[in-house]
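Nothing in this text is a laboratory measurement; each read-out follows from the coordinates by a stated rule. This is a predicted model, so every value here is computed, not measured. Neighbour counts are summed over all protein chains in view; Cβ atoms, including those assigned to glycine, are modelled from backbone coordinates with ideal geometry.
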Amino acid sequence: MVDMTFALTDEQRALKAAVYDLSKQFPPEYWRELDAKREYPEAFVNALTKAGYLAALIPHEYGGAGLGILEASLILEEINRSGGNGAACHAQMYIMGTLLRHGSEEQKRRHLPKIATGELRLQAFGVTEPNSGSDTTKLQTTAVRRGDRYVVNGQKIFISRVLQSDLMLLLARTTPLELVKKKTDGLSVFLVDIRGLKGLEVRPLRMMMNHSTNALFFDNVEIPADGLVGQEGKGFTYILDGMNAERILVASDSIGDGRWFIEKAVAYSSQRVVFGKPIGANQGVQFPIAKAHMAVEAADLMRLKAARLFDAGQPCGAEANMAKYLAAEAAWEAANACIDCHGGYGYAEEYDVERKFRETRLYRTAPVNQNLVLAYIGEHVLGLPRSY
Ligand SMILES: Cc1cc2nc3c(=O)[nH]c(=O)nc-3n(C[C@H](O)[C@H](O)[C@H](O)COP(=O)(O)OP(=O)(O)OC[C@H]3O[C@@H](n4cnc5c(N)ncnc54)[C@H](O)[C@@H]3O)c2cc1C
């Protein structure tokens with residue numbers, strides 16, 4: 001029986017408190033300054049790594065904390081609840097599963113202990129392409145075997161943290177689409193050491209929020225064949241395998257954001273006096289905050305359910321997708337309630353609301369957009385006809 005009580009253990013509550021305390025050592029000014037300069041939060045990511053939080057999912061035998069997805073999700077929640085942005089480092093947690101489940105013993109022994117200590121960063125995940133977008137099986141980047149190497153050619157778009165990472169998990173086509181029986185066949189995953197990789201051009205993109213995102217161009221890039229993860233041609237199923245973890249972790253980013261917006265909105269509307277009383281006494285101000293709070297709490301329950309099922313090795317596709325959808329919507333509702341109650345001050349950088357507003361908007365689009373989650377629920381949970 002999976003434990004479906006939603007109370008956290010003493011250890012889990014202590015973990016949350018410790019992550020919140022560490023995150024609070026990086027004040028709003030820290031994030032504001034980096035945001036303005038679009039710079040990576042090096043000091044913050046190093047502090048999290050040193051404390052062992054980014055190795056939460058790495059098993060003990062490889063030097064990690066050996067924790068579950070629930071604990072990993074609580075870590076991300078508290079980073080965002082503190083006013084920081086876990087997007088700088090969350091990928092290491094959700095990419096990890098592919099390496100843990102499908103990587104060879106040699107790959108794990110070579111990389112995981114160094115990732116656990118922070119000697120290596122695995123923060124880049126190269127999937128999206130300009131010509132295929134959400135239709136991943138149509139991606140056009142190719143990896144062709146030549147002896148003990150693969151030669152990679154193609155383009156990727158919106159690939160984050162490439163310049164801050166040592167390793168990238170790359171999805172490329174190893175068998176042309178016209179030669180495979182199923183369009184999901186013929187794609188392969190590679191663990192690539194991207195430090196000084198010849199033929200790889202990284203072009204940073206200035207985005208709406210501080211996200212270290214890039215366009216990538218591969219021109220006859222040679223990568224060692226021993227970077228292939230699992231079997232050639234099975235990469236798409238490996239990526240799909242990691243989707244539930246990714247959904248749960250991204251839901252947690254959103255839940256943390258949602259809680260930050262609610263706390264900020266409550267504090268501000270309790271003290272801001274207009275027309276002789278705190279604005280929070282007006283139902284037009286109070287009710288949107290109350291509604292957003294309920295949405296965040298409901299999303300949290302679905303996230304906990306998904307995480308408990310995941311950690312018990314039970315199917316959790318429906319719950320993980322619903323958690324991601326509900327949490328992204330709840331955070332967006334909370335963001336709007338928060339910016340509304342701040343009036344003009346919500347748009348002033350020094351209040352941080354506009355920064356968090358921009359940051360949380362992402363989770364309705366990436367790493368998977370809300371429409372594709374709805375399509376998953378329609379087709380796989382409700383049995384409706386396939387829409388794409
Ligand atoms: C800041 C940022 C960071 C990112 N980081 C990474 C990264 O590190 N690695 C990586 O691989 N990718 C990354 N992405 C890419 C992200 O995952 C994609 O942008 C996202 O999956 C959508 O793909 P697309 O932009 O090509 O949109 P498209 O696939 O072109 O979709 C455009 C719109 O059409 C809608 N749509 C498409 N198909 C359907 C359908 N069948 N039914 C209904 N609606 C549909 C979608 O809802 C969407 O709103 C990042 C994106 C951003 C913005």
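Any idea what log10 I(q)/I(0) is at q = 0.14, 0.15, 0.16 Å⁻¹ for region 1-95, Debye with uniform C-alpha scatterers and no solvent? Rounded to two decimals, the profile gives -0.53, -0.60, -0.68. Across region 62-74, rounded Karplus estimates of 3J(HN,Hα) from the backbone phi angles (6.51 cos²θ - 1.76 cosθ + 1.60, θ = phi - 60°) give 10, x, x, 8, x, 8, x, 5, 4, 5, 4, 5, 5 Hz, Gly and Pro being marked x. How tilted is helix 317-341 with respect to the longest principal axis of the chain? Cα atoms for both, answer in degrees (0 to 90, nearest 10). Result, in degrees: 40. If you run the Gaussian network model on the chain, springs between alpha carbon atoms under 10 Å, then out of Arg145, Arg259, Arg364 the most flexible one is Arg145. In the chain, Rg over Rh equals 0.98, where Rg is the alpha-carbon radius of gyration and Rh the Kirkwood radius from pairwise Cα distances. Can you tell me the orientation of helix 10-24 relative to the chain, as the angle in degrees between its alpha-carbon axis and the longest Cα principal axis, to the nearest 10? The answer is roughly 80 degrees. Overall shape of region 84-164 was characterised from the C-alpha gyration tensor. The equivalent ellipsoid obtained from it has semi-axes of 24, 20, 11 Å, in decreasing order.
Based on alpha-carbon centroids, what's the gap between region 5-65 and region 267-287 in Å, whole number please? Centre-to-centre (Cα) distance: 34 Å.
Select from Met208, Met96, Met243 the residue whose mean-square fluctuation is largest in a Gaussian network model of the chain (Cα-Cα springs shorter than 10 Å). Answer for the Gaussian network model of the chain: Met208. Ala295 sits among other residues whose Cβ lies under 13 Å from its own Cβ, and their net charge, with Lys and Arg +1 and Asp and Glu -1, is -2. Each Lys or Arg adds one and each Asp or Glu subtracts one; over the other residues with Cβ under 12 Å from the Cβ of Pro113, this totals +2. Under the convention that each Lys and Arg Cβ holds +1 and each Asp and Glu Cβ holds -1, the size of the dipole of region 37-78 around its Cα centre is about 180 debye.
Return the Rg/Rh ratio of region 177-317 with Cα-based radii and a Kirkwood Rh.
Numbers: Rg = 23.3 Å, Rh = 20.0 Å.
Using only Cα positions, Rg/Rh for region 177-317 is 1.17.
Residues in region 85-102 carry Karplus couplings, in order, of 9, x, 4, 5, 9, 5, 4, 4, 6, 8, 7, 3, x, 4, 5, 5, 7, 10 Hz; the curve used is 6.51 cos²θ - 1.76 cosθ + 1.60 with θ = phi - 60°, and Gly or Pro positions show x.
Which entries in Lys138/Lys291; Lys108/Lys156; Lys37/Lys198; Lys50/Lys356; Lys183/Lys356 show an alpha-carbon gap greater than 30 Å? As for pairs spanning more than 30 Å Cα to Cα, those are Lys138/Lys291; Lys183/Lys356.
Look at the dipole of region 239-381 built from charges on Cβ: of Thr360, Tyr347, Leu240, the Cα furthest out on the positive end belongs to Tyr347.
Net charge dipole, the chain: roughly 600 debye, given to the nearest 20, about the Cα centre with Cβ charges of +1 for Lys and Arg and -1 for Asp and Glu.
How large is Rg over Rh for region 166-249, taking Rg from the Cα atoms and Rh as the Kirkwood inverse mean of 1/r across Cα pairs?
Working: Rg = 14.7 Å, Rh = 14.6 Å.
Using only Cα positions, Rg/Rh for region 166-249 is 1.01.
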